[in-house]
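Worksheet for the structure shown next.
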Amino acid sequence: MNDLEGQTVKKLTVRVPISTYLLLDDLARRSRQAIAVVARDLLVGRAPKVAPPLEKELSLEARLLLKILHGASSNLTQTSAHAAAAGEPLARLSTPDGVLFKLGSKVIKIALQIKSGQLDSTKTAELFARLEAPARRLNDELALPLNERSAPSMDAWKSVLEDLQNALLEGAE
Amino acid sequence: MTEFDQAAWRLGQAQQEAADRRHAAKMAALDKKRSGGGGFSRSLKTFKKAAVARATRGQGSFASAGKTVSFLYKKHQGAAKGDPYAEAAKNSEFICSSMLGRNSAERKAEWLLDCARHPNVDRDRLIVHCSISRPEGHPLTNEEWSRYIDAFLEGIGAHGVNYIATLHPEKNQHAHLIYSRALPDGGVLSDSNDYWKGRAAALDAGRKLGLLVDGPANIDVERLAHTSTSDAQVNAGRRAQRRGTPAGHIDPRVIARVLDQASTPEQFAAGLKAVGILVKQAQKNGKTTGILFQNSGAEEWLAGSTISRQFSLQMVHAKIELNRKVLLKKEHYLLMQRKRQQQEQQELRQRQAAQRPIYDRPRGG
């Protein structure tokens with residue numbers, strides 16, 4: 001290697017032990033690059049980026065939780081639109097500072113964390129257990145009645161949103 | 001013998017070169033004068049063409065297509081900026097989306113996630129930005145657009161991808177669709193011929209949902225709906241649409257299949273008639289110049305070579321001749337085989353007769 005100082009190397013063949021090769025292969029598969037590209041990055045001191053998992057590579061709980069979060073996000077958007085149309089005091093909930101927008105941001109943040117593989121399976125299972133019921137309440141008690149033009153009571157609004165907020169806040173820790 | 005006068009020779013050469021340069025300059029000035037005196041050395045014809053093009057800009061075929069085609073498909077550059085661009089326009093309305101983000105800033109993280117999943121694909125090629133326009137006076141409701149976008153994405157094979165559709169309700173109502181080619185199963189949707197695929201899918205989706213505007217303008221190239229659709233067939237289809245007559249597309253695979261089986265021209269014609277295609281020879285001044293095909297029901301006859309090169313008159317005759325020879329050879333082979341079998345059977349009978357005991361042989365032999 002000392003002979004190569006100051007020279008530009010275009011092609012280099014390196015022999016590695018099989019264990020090292022298997023590690024490189026695994027890293028290449030996870031970063032979705034060719035093994036030679038990964039080896040070259042490591043040689044020049046660049047750490048190869050691990051690509052986020054594909055949807056089919058996520059666990060069952062993660063996929064179910066994503067489905068719940070997608071539904072919750074959509075319901076929150078609809079509910080926000082209805083709240084804005086309903087006027088005061090509900091319109092206050094749909095402002096960028098309102099609780100509906102904040103809940104929506106929280107839901108999106110958790111969903112992105114799951115999609116990028118940042119949440120481990122334990123945390124995912126915990127979130128799934130916490131969020132299932134509040135998300136169903138949001139759909140059945142707020143979003144569906146609002147779509148069918150029947151307005152839930154103020155207590156129902158408060159109860160459902162508090163339920164979801166508690167579940168999300170617990171999940172954030 | 002006089003000595004060679006080198007000085008005089010050199011002077012003569014220099015004078016000649018100067019005269020040549022003067023002549024060349026004179027010719028260049030004349031050319032410049034003829035071309036209109038512009039900064040470019042264009043001919044007068046090119047200059048006039050460019051002037052005509054400038055005068056009629058905005059009135060060409062694409063501009064008129066926007067007024068008549070039911071769903072005009074356009075692909076845009078810079079797909080990564082498409083989402084904020086579509087959202088930022090005045091009076092833009094959200095139609096539908098499969099993504100979590102409620103605005104372009106929130107959706108950016110999802111687009112980047114898709115790009116990170118496919119590091120070997122360029123961002124501007126992974127995310128596609130296209131727009132689909134309606135002609136003036138034929139707007140669609142948001143619900144119709146939503147159903148249409150679903151059908152369009154299904155048509156191009158982008159089912160389950162991340163996408164966002166935004167409506168721009170202008171004089172020509174149009175929807176901007178930004179979608180990712182990253183498929184849910186981890187693959188990437190092919191972008192080969194995607195302009196033609198998108199264009200065909202745009203009209204197909206409209207046709208499926210009954211949203212086409214009546215008129216002769218729904219000219220669909222259909223290059224990919226049928227394989228090997230030649231320019232001649234496409235133009236014939238357009239002429240038929242303008243006339244309002246049925247346009248029969250002739251599938252070259254059908255003709256090839258019939259041709260493979262035919263060993264005489266009569267067989268070829270009969271085989272084609274059975275599948276609804278008529279064939280005749282093109283005649284000029286009493287001479288046969290080519291071969292013509294017509295889909296039954298259509299008005300136009302198409303030359304064989306314009307459907308496919310293998311269907312020119314010479315190629316068709318050569319193929320029929322080849323089939324005839326192969327058939328003859330096959331028949332000859334079968335005949336020889338039968339004769340050989342008969343001979344073998346006769347020999348076997350003779351051998352068996354010779355091996356029978358004397359008392360069992362027929363009398364007199």
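The values are calculated or read from the model by the stated rules, or taken from the named source; none is laboratory data. These figures come from a predicted structure and were not determined experimentally. For neighbour counting, all protein chains shown are included, and Cβ atoms are generated from backbone atoms with ideal geometry for every residue, glycine included.
Details
- Cross-chain or 6+ apart pairs with Cβ under 6 Å, the stretch A:54-83 first and at the interface with another protein chain (Cβ under 9 Å from one of its Cβ atoms), then in a helix (DSSP H, G or I) and at pLDDT below 85: A:SER80/A:SER94
- Failed item in (1) touching a Lys or Arg at 6+ places or on another chain (Cβ under 7 Å); (2) of a type in the set (A, V, I, L, M, F, W, C); (3) surrounded by fewer than 17 Cβ atoms within 10 Å (Cβ to Cβ), with A:ALA86 passing the rest: (1)
- Within the stretch B:66-85, the set of residues being closer than 13 Å to B:GLN173 by Cα and buried (at least 21 other Cβ atoms within 10 Å of the Cβ) comprises B:VAL69, B:SER70, B:PHE71, B:LEU72.
Conditions (1) at pLDDT below 90; (2) assigned to a loop (DSSP other than H, G, I, E, B), marked per residue:
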residue	(1), (2)
B:ALA232	yes, no
B:ASN235	yes, no
B:GLN241	yes, no
B:THR245	yes, yes
B:ILE255	no, no
B:GLU266	no, no
B:THR306	yes, no
B:GLU321	no, no
B:LYS339	no, no
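- The number of residues in the stretch B:151-201 being farther than 18 Å from B:LEU140 by Cβ, in contact with a Gly (Cβ under 7 Å, 6 or more places away or on another chain) and either away from chain A (no Cβ under 14 Å) or among the basic types (Lys, Arg) (or both) comes to 3.
- Selection within the stretch A:102-134 - within 14 Å of chain B (Cβ to nearest Cβ) and more than 11 Å from A:LEU66 (Cβ to Cβ): A:LYS102, A:LEU103, A:GLY104, A:SER105, A:LYS106, A:ILE108, A:LYS109, A:SER116, A:GLY117, A:GLN118
- Filter result for B:LEU313 (over 22 Å from B:ASN235 (Cα atoms), within 26 Å of the chain's Cα centre (by Cα), modelled with pLDDT of 90 or more and among the hydrophobic types (A, V, I, L, M, F, W, C)): no
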